[in-house]
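Throughout, read-outs are computed from the coordinates displayed, never taken from laboratory work. Please read these numbers as outputs of a predicted model, since none were measured by experiment. Backbone-built Cβ (ideal geometry, glycine too); neighbour counts: all protein chains shown.
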Amino acid sequence: MHIPDGFLDLKTTAVAGALSATGLAAALRRIRTHPPVRREPMIGLAAAFIFVAQMLNFPVLGGTSGHLIGGVLAAVVLGPEVAVVVMSCVLILQCLLFADGGLLALGANIWNLAIVAPTLGYAIHALTRRLLPGLRGRLLATAFAAWCSVVFASISCAALLALSGAAPWRITLPAMVSVHMVIGFGEALITALVLAAVARTRPELLPEGESERAGADDTRRAIGYGLAVACGLAAFVAPFASPLPDGLERVAERLGFADRAATTPLHNSPFPDYLIPGANWSALSTVIAGLAGAAVAFAFAYLLARMLTPRSGSRSARDSV
Amino acid sequence: MRLELLERRGDPASPVHQAPALGKLLLTLLFIGVVVSSPSRNPILPAAALLTITLVAAVARISPGHLIRKLVSVEPFVVSVALLSLLQPGGVAIFLSMVIKSSLSVLAMILLVSTTRFGDLLRALRRLRLPGIMVMTLALMHRYIAVLGDETERMRRARASRTLVRGRRRAWSDLAAVAARLFIRSSERAERIYHAMCARGWRT
């Protein structure tokens with residue numbers, strides 16, 4: 001999902017750059033006042049870890065392979081602010097060492113993959129974590145959040161490409177999102193597997209199951225971040241996603257020539273009016289497909305969490321809460 | 001795990017290598033900005049940009065083979081994103097212009113990184129007011145990526161030599177275990193580095 005240079009126009013580059021600079025500055029301020037344990041070395045090594053872990057190839061069907069993206073993994077283990085800095089540095093280094101993702105497009109890539117993905121993912125994790133107790137709840141929330149983070153990042157990426165006129169929204173959105181809804185399952189699976197393995201061997205490395213008050217505070221902060229980022233994302237998507245019916249259609253209805261058009265077709269269409277995918281109902285169908293995908297992902301995350309936790313869940317509840 | 005990183009190439013005494021990193025970084029950004037914002041129908045500007053790159057590469061004694069090899073390794077990503085643009089009226093022109101623009105930008109980036117030391121780039125970023133935490137994170141990453149890569153390779157080989165079962169499912173859980181182990185080792189290493197830094201009088 002790294003956007004190379006040459007795909008975004010200057011206006012989109014500037015807006016995305018400003019947004020990601022704001023998000024990054026907010027994360028850095030929070031880190032300065034609330035530094036993580038082991039400080040800068042931990043951030044640097046976590047970034048190196050994500051960079052290397054992204055290069056582990058997980059075999060998928062045929063000769064293809066997938067890999068971890070890691071935004072939600074970093075956010076869940078180290079907190080959303082550290083994850084923002086870690087993912088930004090991963091992207092900067094990938095740009096400088098692999099020429100992977102553009103230099104001018106760095107702001108846009110940081111926005112998609114280092115700000116939207118970890119913060120929205122973390123907010124979803126914070127919201128769903130309390131559905132189940134203990135490690136099982138944590139794994140469920142993490143897997144679901146990982147899936148969502150990939151999908152949100154792809155929506156944001158599609159919006160940036162469409163804003164630049166690289167490809168129209170009605171093509172980029174379904175194309176990007178449908179592919180990443182599948183990729184999201186891989187991300188959810190890898191993130192959950194890694195988290196479960198860490199919880200099994202070194203549970204003390206994961207953040208403690210917070211006390212009641214601190215936990216509520218943390219959740220509120222995560223949701224606040226998530227909302228702020230969601231607003232930024234909505235600003236990109238808003239120009240495209242109008243829930244109203246097609247403009248011409250409304251005019252036709254109001255002026256009353258809609259039925260005339262319907263009764264006297266100019267030529268016999270092989271498809272009746274609304275049956276072509278992506279014609280007029282694309283907004284609604286996209287939303288329905290998205291919700292269905294999310295439901296499937298949630299069920300998948302639940303099954304995964306059940307499979308990865310020890311039977312009865314009592315031991316894990318004692319261990320990790 | 002062998003990392004195919006971009007590294008310094010060509011003649012280190014050439015004027016391009018010797019030029020200050022900050023200037024090179026800003027010039028590269030300017031170059032990419034001009035290329036990206038140029039009107040897509042005009043063939044003169046891309047040609048001029050390509051000529052510039054060829055000249056700079058010649059002065060720095062960077063072989064065209066190196067540039068082309070690196071470009072080809074990035075091109076699949078570029079083309080796969082650009083393919084989306086084909087699905088619209090007039091898509092072929094947009095597709096071609098995007099591929100040309102992004103290839104020129106990638107070439108400029110490769111040239112920048114092949115002629116500049118990473119430490120100098122970091123110093124340039126520092127002078128551009130990149131916050132200290134970011135600079136330090138990038139420096140630590142650059143230092144430890146190769147270390148973690150080697151460690152991963154050793155763990156994978158050790159696991160492979162002890163695993164007699166083949167299959168995708170097994171591969172996934174094994175790789176996840178390697179990643180988890182790698183995370184644990186990185187955080188232990190971070191702890192050692194932190195203590196070593198504190199012992200040498202480092203303060204935030």
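Data overview
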read-out	value
Estimated distance in nm for a label pair at A:Leu205 and B:Arg123, the labels positioned 7 Å out from Cα along Cα-to-Cβ	3.6 nm
Amide H contacts under 5 Å for A:Ser65, placed H, 5+ residues apart	A:Val60
Kirkwood Rh in Å, taken over all unlike Cα pairs in the protein assembly as shown	24.7 Å
Computed E for B:Glu153/B:Ile44 - FRET, C-beta separation, R0 56 angstrom, nearest 0.05	0.70
Chain B, relative contact order [Cα under 8 Å, separation at least 6], %	29 percent
Isotropic mean projected area of the C-alpha convex hull, the stretch B:15-125 (nm²)	7.2 nm²
Proportion of all alpha-carbon pairs of the stretch B:100-189 beyond 15 Å (%)	73 percent
Ascending count of other beta-carbon atoms within 10 Å, so fewest first, for B:Thr115, B:Thr28, B:Thr152, B:Thr163	B:Thr163, B:Thr28, B:Thr152, B:Thr115
Proxy reagent accessibility, fewest Cβ within 10 Å first, across B:His66, B:His195, A:His180, A:His125	B:His195, B:His66, A:His180, A:His125
Chain B - Rg (one decimal) and Dmax (whole number), Cα, Å	21.8, 65
In Hz, Karplus ³J(HN,Hα) per residue of the stretch A:97-106 (6.51, -1.76, 1.60; θ = phi - 60°; x = Gly, Pro)	9, 10, 6, 9, x, x, 6, 6, 7, 4
Normalised contact order of the stretch B:15-125, rounded percent, pairs of Cα under 8 Å and 6 or more residues apart	47 percent
Rounded FRET efficiency, nearest 0.05, which uses the C-beta distance separating B:Glu75 from A:Val182 and R0 of 25 Å	0.60
Ranked list, fewest to most other Cβ atoms within 10 Å of each Cβ, for B:Val56, B:Val92, A:Val76	B:Val92, B:Val56, A:Val76
Separation in nanometres of the label points that stand 7 Å from Cα toward Cβ, at A:Ala234 and A:Lys11	2.3 nm
Cβ crowding within 10 Å averaged over residues, with B:164-170, A:25-31, A:138-144 ranked highest first	A:138-144, A:25-31, B:164-170
Karplus (6.51, -1.76, 1.60) ³J(HN,Hα), θ = phi - 60°, over the stretch A:167-182, in Hz, Gly and Pro reported as x	7, x, 4, 5, 9, 4, 4, x, 5, 5, 5, 5, 4, 7, 5, 6
Karplus-derived HN-Hα couplings along the stretch B:42-57 (A = 6.51, B = -1.76, C = 1.60, θ = phi - 60°), whole Hz, x at Gly and Pro	7, x, 6, 5, x, 5, 4, 5, 5, 4, 4, 4, 4, 4, 4, 4
Dipole axis of the protein assembly as shown (+1 Lys, Arg; -1 Asp, Glu on Cβ), positive-most option in B:Leu45, B:Ala180, A:Met1	B:Ala180
Neighbouring partner chain Cβ atoms per residue of B:84-90, average, 10 Å criterion	5
Rounded FRET efficiency, nearest 0.05, which uses the C-beta distance separating A:Ile288 from B:Ala93 and R0 of 30 Å	0.30
